[in-house]
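Written below as structure tokens is the structure these notes are about.
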Amino acid sequence: MIKKQIALGIIVSITCFCIGFLYGREEGRSLPMTNKYYSENKVIATVGENSIKEKELKQRMETLFFINSKKEITDEEIKAYEESFIDYITTTEVLYLEGVKNKIKVTDEDIKNQYDNLMISINQTFGITEDDILSKLKIPKEDIEKSLEKELIATNYMGKVSDVTEEEAKKYYEENKDEFLTIKASHILIENPTETSSDEDTNKKTDEEIENIKKENKIKAQNILEQAKSGVDFSELAKKYSDDTSAQNGGDLGFFMKGQMVEPFEKASFSLKVGQIYDEVVETDFGYHVIKKTDEKYEEFDTIKEDLIYKLSYEKQNKKLDELVKKYNVEVK
């Protein structure tokens, strides 16, 4: 995730300026808008011995005010934007510093290519020329190039330290195979009402009415469970009684992995053997469930390889960032 943020960050930053230019030039300066004073030299964060000046935050935030010139931005929204930008700036800085320490380099040609691609992208997206950016928006070319250099080094460094080979992924798969177990289950849902209101609203049920319905539903679900346990065809019971859309398929939910169902349902389903019906009615926010496990299988490595490599790479990135934040003693003032 960080790798994607780094790669897209400079484009987000520069295009914010461009959007501000397009809308703000004609309207933003004359319309009511939220604004806030930012200084040039105030230190807003430190990364090791390096200071991040409020000027960097100012450029991004003032552009957002232009973008939102027709509506007021709340204090909560301003704070969220500021925190997001500061997090991005400090993240880039720690990765850049560590990249330099590890002799990650980019050539002038790399920077030029990135710069040219950026200008083409902005021109195609917003119809803004390089001259508009440099002279009318008053963004120095050197500033853009320096930002690009930092982000290229940060991205290249993170790519290097978070690289995951197919062999690594295969090893993880073999050692943690239970993570890739998928099961197939069917259920019968007796749906509970959820809306509450005062007695005056005849279209909705009161708390007391809902509780009474839930008690009746639980008894109904327990009776269905007893029928299923006694040998009555589960599929036919689902078609007859279930309130879920899966009823037309005999309650079949297909295959699913851990993390895809609500917790009580998942816990019950994964505790079963194939062909077994859970001994109790399971309550969730949806209502009461009668559950039967019908099959299980492990996902083949080749089918989940790419997702697994991405997952492991993401975990490496987070771990490395946590280490670097501590190493460089990042502080937001």
Per the filter on the stretch 106-126, residues without any contact (Cβ under 8 Å) to a residue 40 or more places away in the chain and either of a type in the set (D, E, K, R) or over 29 Å from LYS160 (Cα atoms) (or both) are ASP108, GLU109, LYS112, ASP116, ASN123, GLN124
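Residue by residue, here is whether (1) surrounded by 18 or more Cβ atoms within 10 Å (Cβ to Cβ); (2) modelled with pLDDT under 95 holds:
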position	(1), (2)
ILE139	yes, yes
ILE183	yes, no
ASP207	no, yes
ASN212	no, yes
ALA228	yes, no
Residue pairs, Cβ under 8 Å, 6 or more apart or interchain, first in the stretch 49-60 and without any contact (Cβ under 8 Å) to a residue 12 or more places away in the chain, second of a type in the set (A, V, I, L, M, F, W, C). List them. SER51/VAL43; SER51/ALA45
Taking the condition surrounded by 13 or more Cβ atoms within 10 Å (Cβ to Cβ), outside any helix (DSSP H, G or I) and modelled with pLDDT of 90 or more, does ILE73 pass? no
Can you tell me which residue in the stretch 257-280 is surrounded by the fewest Cβ atoms within 10 Å (Cβ to Cβ), limited to those that are within 31 Å of the chain's Cα centre (by Cα) and not in a loop (DSSP other than H, G, I, E, B)? GLU263
Subset tally (residues that are exposed (fewer than 13 other Cβ atoms within 10 Å of the Cβ) and not in a strand (DSSP E or B)) for the stretch 286-305: 3
Identify the residue in the stretch 161-190 that is in a helix (DSSP H, G or I) and within 23 Å of the chain's Cα centre (by Cα) and, among all such residues, is farthest from PHE255 (Cα to Cα). VAL161
Residue match in the stretch 243-256 (condition: among the acidic types (Asp, Glu), over 14 Å from SER186 (Cα atoms), at pLDDT 95 or above and not in a strand (DSSP E or B)): no
Can you tell which of TYR88, TYR81 is under 23 Å from the mean Cα position of the chain (by Cα) and farther than 22 Å from TYR314 by Cα? TYR81
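When you look at GLU283, is it surrounded by fewer than 14 Cβ atoms within 10 Å (Cβ to Cβ) and assigned by TED's automatic domain parsing to the domain that holds THR182, yes or no?
No: the conditions fail for GLU283.
One line per residue, one yes/no per condition, for (1) modelled with pLDDT under 80; (2) surrounded by fewer than 20 Cβ atoms within 10 Å (Cβ to Cβ); (3) more than 25 Å from LYS320 (Cα to Cα):
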{"site": "SER30", "(1), (2), (3)": "yes, yes, yes"}
{"site": "PHE65", "(1), (2), (3)": "yes, yes, yes"}
{"site": "ILE78", "(1), (2), (3)": "no, yes, yes"}
{"site": "TYR81", "(1), (2), (3)": "no, yes, no"}
{"site": "LYS103", "(1), (2), (3)": "no, yes, no"}
{"site": "GLU109", "(1), (2), (3)": "no, yes, yes"}
Tell me which residues, restricted to the stretch 101-143, are basic (Lys, Arg), under 30 Å from TYR328 (Cα atoms) and not in a helix (DSSP H, G or I). LYS103, LYS105
Scan the stretch 298-312 and report the pairs whose first residue is touching a residue at least 40 places away in the same chain (Cβ under 8 Å) and whose second residue is among the aromatic types (Phe, Trp, Tyr) and in a helix (DSSP H, G or I), with Cβ atoms within less than 6 Å and a gap of 6+ or a chain change. TYR298/PHE180; GLU299/PHE180; PHE301/TYR173
Out of GLU208, GLU216, GLU174, GLU179, report the one residue that is out of contact with any strand residue (DSSP E or B) (no Cβ under 6 Å at 6 or more places or on another chain), free of Cβ contacts under 8 Å to residues at least 12 places away in the same chain and closer than 23 Å to PHE301 by Cα. GLU174
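The values are calculated or read from the model by the stated rules, or taken from the named source; none is laboratory data. A quick note: this is a predicted structure, and the numbers were derived from the prediction, not measured. Neighbour counts are summed over all protein chains in view; Cβ atoms, including those assigned to glycine, are modelled from backbone coordinates with ideal geometry.
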